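Notes follow the structure.
The values are calculated or read from the model by the stated rules, or taken from the named source; none is laboratory data. Everything numeric in this text was worked out from a predicted model, so none of it was measured. Cβ sites come from the backbone with ideal geometry, for glycine too, and all protein chains shown count toward neighbours.
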Amino acid sequence: MSTTAVTPLTTAEAETLLTTARRAAEAAGVAVSVTVLDAGGHLLAFRRDDRAVLISGETSTRKAYTALQLDAPTADLVDLVKPDGPFHSLTTALDRPLLFIAGGLPVHRDGRLIGAVGVGGGAPEQDHAFAGTAVAALA
């Protein structure tokens, strides 16, 4: 079995993700918080806009963590954790809380998971779009 090393998400890339998401939100007139985690779930970058609601800092971090742990956009997971969904118990299964609201995206390099970005503060669809703009900036 061959293993090819993949370059980890760098702090410069984390700053690009953060800045790109914030600029997209600013252009839309939305104050947000942005969290970037590396593949191990460690914080690489965080910023809460002065006008962003305080809870957005927590939601952006949980969205990033959720996207990282499940290697999936949080927007794709919402229906799976509803009371009649196949993973309804996942919301309370772990010590660290997951958050199943759109706005968290995994970040990949060469098909491998290298981190995640989470955006909170806007409507879920807005947060998802801002995160998507950020991830596209690394491509």
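Scanning region 71-91 for residues that are modelled with pLDDT under 95 and touching a Ser or Thr at 6+ places or on another chain (Cβ under 8 Å), we see that the one that is surrounded by the most Cβ atoms within 10 Å (Cβ to Cβ) is Leu77.
Quick one: in region 66-98, of everything that is among the small types (Gly, Ala, Ser), under 20 Å from Gly120 (Cβ atoms) and not in a loop (DSSP other than H, G, I, E, B), which residue is farthest from the chain's Cα centre (by Cα)?
Initially, region 66-98 is screened for residues among the small types (Gly, Ala, Ser), giving 67, 72, 75, 85, 89, 93.
Filter once more, so that each one left must be under 20 Å from Gly120 (Cβ atoms): 67, 72, 75.
From the residues that got through so far, the ones that are not in a loop (DSSP other than H, G, I, E, B) too are 67, 75.
Details: Ala67: 6, Ala75: 10 Å.
Looking at residues that are among the small types (Gly, Ala, Ser), under 20 Å from Gly120 (Cβ atoms) and not in a loop (DSSP other than H, G, I, E, B), I get Ala75.
Filtering region 35-68 to residues that are among the hydrophobic types (A, V, I, L, M, F, W, C) and in contact with a Phe, Trp or Tyr (Cβ under 7 Å, 6 or more places away or on another chain) leaves only Leu37.
Matching residues to (1) farther than 18 Å from Ala102 by Cβ; (2) of a type in the set (Val, Ile, Thr); (3) surrounded by 17 or more Cβ atoms within 10 Å (Cβ to Cβ):
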position	(1), (2), (3)
Thr20	no, yes, yes
Ala25	no, no, yes
Ser33	no, no, yes
Ala45	yes, no, yes
Arg51	yes, no, no
Ile55	no, yes, no
Thr59	no, yes, yes
Thr66	no, yes, yes
Gln69	no, no, yes
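Output yes when any residue across region 42-65 is of a type in the set (S, T, N, Q), under 14 Å from Phe130 (Cα atoms), in contact with a Gly (Cβ under 8 Å, 6 or more places away or on another chain) and not in a helix (DSSP H, G or I), and no when none is. No, region 42-65 contains no residue that is of a type in the set (S, T, N, Q), under 14 Å from Phe130 (Cα atoms), in contact with a Gly (Cβ under 8 Å, 6 or more places away or on another chain) and not in a helix (DSSP H, G or I). Would you confirm whether or not region 26-33 contains a residue that is within 25 Å of Thr4 (Cα to Cα) and not in a loop (DSSP other than H, G, I, E, B)? No, the conditions are met nowhere in region 26-33. Scanning region 103-131 for residues that are closer than 18 Å to Gln69 by Cα and assigned to a helix (DSSP H, G or I) yields His128, Ala131. Against the numbered list (1) assigned to a helix (DSSP H, G or I); (2) in contact (Cβ under 8 Å) with a residue 60 or more places away in the chain; (3) surrounded by fewer than 17 Cβ atoms within 10 Å (Cβ to Cβ), Glu15 comes up short only at (2).
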